[in-house]
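Nothing in this text is a laboratory measurement; each read-out follows from the coordinates by a stated rule. Because the structure is a prediction, the values reported are computed rather than measured. Please note: Cβ atoms are built from the backbone with ideal geometry, for glycine as well, and neighbour counts cover all protein chains shown.
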Amino acid sequence: MNNSLSIKQRLAQPHNVQLVVKLLKSDPTPTRAHLTREVCRHLDLRDPKGDWQIATTAKALRDLEEQNFWKLPETMIRGSGEWNPTRLNHPVQTPVRVPKQLQDIQGLRLIEVTDQEYLQL
């Protein structure tokens, strides 16, 4: 990565402007998040730890949009922004025969939950 230029300065270079415009014209039109990831990937925009510079790249894309370099896709709105937990219509029953100490629990396993059915539990 060229450390002498900021991400915004790099994106403003003519060949990188062409890249962003080309990505914006792809079918289907990318979301802002997808566009940001693709720009990071194409330009190898990583921090010293090797992580993609997603937030900085997204900010640079927005800043350059304000300077009329391109028109970004509309922001996707996710939900109402209000937390609305599901409530049970009855009290939770008092646990029965639950050991007081963690080490007394037999067969305890930690598993990663990845499917939608179990994520809702």
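Note on Lys22: aspartates and glutamates with a C-alpha under 14 Å away, same-chain residues under 8 apart excluded, are Glu38.
Compared with the dominant Cα axis of the chain, that is its longest principal axis, helix 54-66 is turned about 40°. Taking 0.36 nm per residue of separation and subtracting the current Cα-Cα distance, fully stretching the chain between Arg97 and Gln18 would add 21.8 nm.
Between His42 and Leu108, the simple spin-label model (points 7 angstrom out along Cα→Cβ) gives 5.1 nm. Using the rule -39500 (n - 2.57) for each DSSP H run of four or more residues, divided by the residues of the chain, the 222 nm mean residue ellipticity is -10500 deg cm²/dmol. Specify the angular offset, from 0 to 90 degrees and rounded to the nearest 10, of the alpha carbon long axis of helix 32-43 from the longest principal axis of the alpha carbons in the chain. Approximately 60 degrees, to the nearest 10. Within the straight-line cut-off of under 19 Å between alpha carbons, the lysines reachable from Lys25 are Lys71, sequence neighbours fewer than 8 places apart in one chain being disregarded. Among the trypsin sites (Lys or Arg not before Pro) within segment 9-65, those in coil by DSSP and having at most 11 neighbouring Cβ atoms inside 10 Å are Lys25, Lys49.
With only Cα atoms counted, segment 7-66 has Rg and Dmax values of 10.8, 33 Å. Convex hull volume of the C-alpha atoms in the chain, normalised per residue: 216 Å³. With contacts taken as Cα pairs under 8 Å at a separation of at least 6 residues, the chain carries a relative contact order of 22 percent.
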